[in-house]
Amino acid sequence: MPNNSLPTHVGIILDGNRRWAKQQGLPSLEGHRRGAETFKQISLHAFEKGVSCLSAYIFSQENWQRTDEEVGYLMQLVMKAVESYLDEYHKRGIKIVVLGRREGLRRKVLDAIKHTEEKTKDNAKGILALCFNYGGQQEIADAATAVKGEMSVESLRQALYEPAVPDLDLVIRTSGEQRLSGFMLWRAAYAELYFTPVMWPAFTPNDFDAALDDYASRQRRFGQ
């Protein structure tokens, strides 16, 4: 695949963890655990392929509506994943940033986020952007509130969460759903969209490569 056909920023909406677990006759929480393992594999594969920035929708603001047991498990899973995977990303020179509101998050989760961002802040071989307690409309609203003086497209862009994260080139959503669900609405303005029926825990590096191949076959017009 020629370099000019490789997306700079790929975003993934990790969907289908609970449905995959149900299909396998497993508890729904096991789907989330397997999904975390899949995410490590796919994210490292993406950087090996030459993707510069990978973002993932791992916990939306709407996810608070799930059961206390599931929310608690997801929070614990995030901390365990950070502890288990952080050194691997750091060794590979990946900078990790977390996009989303910090209000309402438990102290242990906030400490894990702070430690992760601080440890990897000087890394320059790729960016891993985790959308956690995130909403795309909320991000734009927060940016509008933060803008000082005259509002413009550029001033809003600079007020987004982590403005160094570039616009999306490709968005992948698993599990057969075909919508953005508020994922990076500003950055997704001209993104190519790729939907696959594969449930996230079953998503493989070959599935990721298929999305890249599909992207390479498209002609991007940016409204022209």
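The values are calculated or read from the model by the stated rules, or taken from the named source; none is laboratory data. Everything quoted here is computed from the prediction, not taken from an experiment. Positions of Cβ are generated from backbone atoms using ideal geometry, with glycine treated the same way; all protein chains shown enter the neighbour counts. For accessibility, only protein heavy atoms count, side chains too; no ligands or nucleic acids. Shrake-Rupley method; radii C 1.70, N 1.55, O 1.52, S 1.80 Å.
Assorted remarks:
- Annotation: of all residues in region 188-224 being among the basic types (Lys, Arg) and touching a residue at least 12 places away in the same chain (Cβ under 8 Å), the one that is least open to solvent (accessible area, probe 1.4 Å) is ARG220.
- When residues of region 140-187 are limited to those that are of a type in the set (Asp, Glu) and in contact with a strand residue (DSSP E or B) (Cβ under 6 Å, 6 or more places away or on another chain), the one least open to solvent (accessible area, probe 1.4 Å): ASP169
- The number of residues in region 62-117 being hydroxyl-bearing (Ser, Thr, Tyr), over 28 Å from ILE140 (Cα atoms) and surrounded by 14 or more Cβ atoms within 10 Å (Cβ to Cβ) comes to 3.
- The set of residues in region 188-198 being in contact with a strand residue (DSSP E or B) (Cβ under 9 Å, 6 or more places away or on another chain) and of a type outside the set (Ser, Thr, Tyr) consists of ALA188, ALA191, GLU192, LEU193, PHE195.
- Only one entry in ALA143, ALA202 is under 30 Å from GLN24 (Cα atoms) and touching a helix residue (DSSP H, G or I) at 6+ places or on another chain (Cβ under 8 Å), namely ALA202.
- Counted as qualifying within region 136-224 are the helices (runs of 4 or more DSSP H) with 2 or more residues that are more than 30 Å from HIS32 (Cβ to Cβ), namely 136-146, 153-158.
- Options ILE12, ILE58: the member that is open to solvent by less than 70 Å² (accessible area, probe 1.4 Å), part of a strand (DSSP E or B), within 16 Å of SER175 (Cα to Cα) and modelled with pLDDT under 95: ILE58
- Per-region count, region 15-51, residues open to solvent by less than 60 Å² (accessible area, probe 1.4 Å), out of contact with any Lys or Arg (no Cβ under 8 Å at 6 or more places or on another chain) and in a loop (DSSP other than H, G, I, E, B): 3
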